[in-house]
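The values are calculated or read from the model by the stated rules, or taken from the named source; none is laboratory data. Every value quoted in this text rests on a predicted model; they were computed, and no experiment measured them. Cβ placement follows ideal geometry from the backbone for every residue including glycine, while neighbour counts extend to all protein chains displayed.
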Amino acid sequence: MRRARRYCRRVVSREVEVVDARGLPSRVLATLRGWGRAARAALTRPGPERFEAVLLLKAAIATVLAWQAAVHLLGSPAPFYAPMAALLVVDRTMVRSLWASARRVAAVVVGMSIAWLVGSVVGVTWWSMVVVMFVALLIGRWRRLGDHGIQVPTMVLLSLITVSGTDTEFTSLTIVQTVLGGVVGVAVNALVLAPMHLDEPRDALRDLTSRVQDVLQDVAAGLREGWDAERARHWYSSATDLGDRVPQALRAVETGRESTRWNWRHRIRPARIDWDGYVRTVEAVRRSQWQVAGIARTLVDAADDADRHPAPTAGWLDSYADVLDEVGEAISHFGVGSEESRAAVERHVGHALEVLDAMSEQVRRTPLDDPHAWPAYGALVLEGERLARELLTSNAEASVPTDTGPLRVPLAESLPVVGQLQQQVPVVGEQLPRVIERVSALGRPASVGRPPAPPAGADASAAEGPAPRS
């Protein structure tokens, strides 16, 4: 029996190894195909892939420039800290890039100062290393240093071990290299297509609102066509997934807002975006998601345990589907700044509330076919009213982009000189042929290119030449 078990284990382990070995090439091919799709997307259309490619290219350029600057300007025999600093400060926004540069310089200065102080006062011993490394690690955990706090113990260790912390030239050159690399990294990130994130927040908001609308439309269609527990669980899963996407949307909005600060591209062509309205829209979707999930959860309970929580009647659910359709139509106009869209939201929400009032009154006045179904009736009415009123109260302050047009002010509006030039271009285009003709005629003899003038007193027939023969 034991031999049989050992043999089975060997067979299973060999089969697992064979499966893993065969699966490895497919995973490698899938990874390569993913890289190929990302490269193709970066080359063919704007989007996250292109932005990441540009960011990587800028980081590479900044690294090389900082390396060459350290070699030729500082004469450094080991130009490591300048390119490393430049590499690490090229970030997704100018704010992050500047803060990363400042934090890295501060961490290096603190680390090198601690090493120089310890090396000069007490020297490098086993007990001094324990104390100084403990202090450096504590300072490195200071939250204001962020991810660059690790540079404090790193520089302390490097300085004490290599030059005992007392080499003033090494300390000063390291600090100067770090400052130089930070300046180069920030300059490259600012001058070479300074990063602006305007499309990602717009896409995130449109994705959120469209997903809410899709869930409501799917639930409404299911209530009319017929549904079961599996389909109700799918609705509930889709509704809860909306809540998981809210933090991502908020991060996209905050990154977009941050990318407009200290950015010369935003100074030249400001972004026409209501960032606070974006945030309020995401928060409104978060609150609406609770009601949509509550509707789906009520239907899941009615399908899973029909004896204890029976579902409402088919006719009543058909009317409830009309309510969800009205709410979905209101979402399609939600957050749009025009008066027509605001009126559309109020119209659809008002109709939904009227239907819900009529349905609630019907439940109160009409005996239920199944008295145990009253919790489902009450839950659906309550969640529907909350959802409709949430859209109505949040609509005025929300902001949802509705198209894929430009989000920045035209250059002619932000720079009056450009507008004046654009107005002069049509005039110049009309006068350009005449100007060219006059310029080309300046260096040409008067007899070239046009017939000689007729002599004085000559009649028109003589000037025109001999009459043609008949």
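Laid out as a table, the results:
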item	result
Any hit, region 162-174, residues being within 14 Å of P83 (Cα to Cα), assigned by TED's automatic domain parsing to the domain that holds L88 and either touching a Leu at 6+ places or on another chain (Cβ under 9 Å) or in contact (Cβ under 8 Å) with a residue 60 or more places away in the chain (or both)	yes
Test: residue in region 69-84 that is under 26 Å from the mean Cα position of the chain (by Cα), surrounded by 19 or more Cβ atoms within 10 Å (Cβ to Cβ), closer than 18 Å to R104 by Cβ and among the hydroxyl-bearing types (S, T, Y)	no
Any hit, region 242-256, residues being among the β-branched types (V, I, T) and closer than 21 Å to Q291 by Cα	yes
Residue check for R389: surrounded by fewer than 17 Cβ atoms within 10 Å (Cβ to Cβ), modelled with pLDDT of 90 or more and either on the phi < 0 side of the Ramachandran plot or in a helix (DSSP H, G or I) (or both)	yes
Residue within region 354-372 that is of a type outside the set (A, V, I, L, M, F, W, C), surrounded by 18 or more Cβ atoms within 10 Å (Cβ to Cβ) and assigned by TED's automatic domain parsing to the domain that holds A249 present	no
All positions within region 72-109 that are assigned to a helix (DSSP H, G or I), basic (K, R) and over 10 Å from Q151 (Cβ atoms)	R96
Subset of region 233-275 (residues that are over 24 Å from R211 (Cα atoms) and among the hydroxyl-bearing types (S, T, Y))	S259, T260
Pair list, Cβ < 8 Å and 6+ apart or interchain, from region 353-374 residues that are more than 19 Å from I295 (Cα to Cα) and free of Cβ contacts under 8 Å to residues at least 60 places away in the same chain to residues that are outside any helix (DSSP H, G or I) and not hydrophobic (A, V, I, L, M, F, W, C)	D369/T313
Any hit, region 338-355, residues being within 16 Å of G384 (Cβ to Cβ), touching a helix residue (DSSP H, G or I) at 6+ places or on another chain (Cβ under 7 Å) and not in a helix (DSSP H, G or I)	no
Members of region 120-171 that are in contact with a Gly (Cβ under 7 Å, 6 or more places away or on another chain) and at positive phi	S164, G165
Criterion violated by V212 - all others in (1) surrounded by fewer than 20 Cβ atoms within 10 Å (Cβ to Cβ); (2) in contact with a Ser or Thr (Cβ under 7 Å, 6 or more places away or on another chain) satisfied	(1)
Members of region 236-275 found to be surrounded by 15 or more Cβ atoms within 10 Å (Cβ to Cβ) and more than 27 Å from P401 (Cβ to Cβ), listed by number	Y236
Any hit, region 290-305, residues being in the same structural domain as G226 (by TED's automatic domain parsing), out of contact with any helix residue (DSSP H, G or I) (no Cβ under 7 Å at 6 or more places or on another chain) and closer than 16 Å to V215 by Cβ	yes
Filter result for A249 (in contact with an Asp or Glu (Cβ under 7 Å, 6 or more places away or on another chain), outside the structural domain of V95 (by TED's automatic domain parsing) and of a type in the set (G, A, S))	no
Index of the failed condition, E339 passing every other in (1) modelled with pLDDT under 85; (2) within 43 Å of the chain's Cα centre (by Cα); (3) exposed (fewer than 14 other Cβ atoms within 10 Å of the Cβ)	(1)
Identity of the residue in region 110-138, assigned to a loop (DSSP other than H, G, I, E, B) and touching a helix residue (DSSP H, G or I) at 6+ places or on another chain (Cβ under 7 Å), that ends up farthest from P153 (Cα to Cα)	V122
Residue within region 176-199 that is in contact with a Ser or Thr (Cβ under 6 Å, 6 or more places away or on another chain) and among the aliphatic types (A, V, I, L, M) present	yes
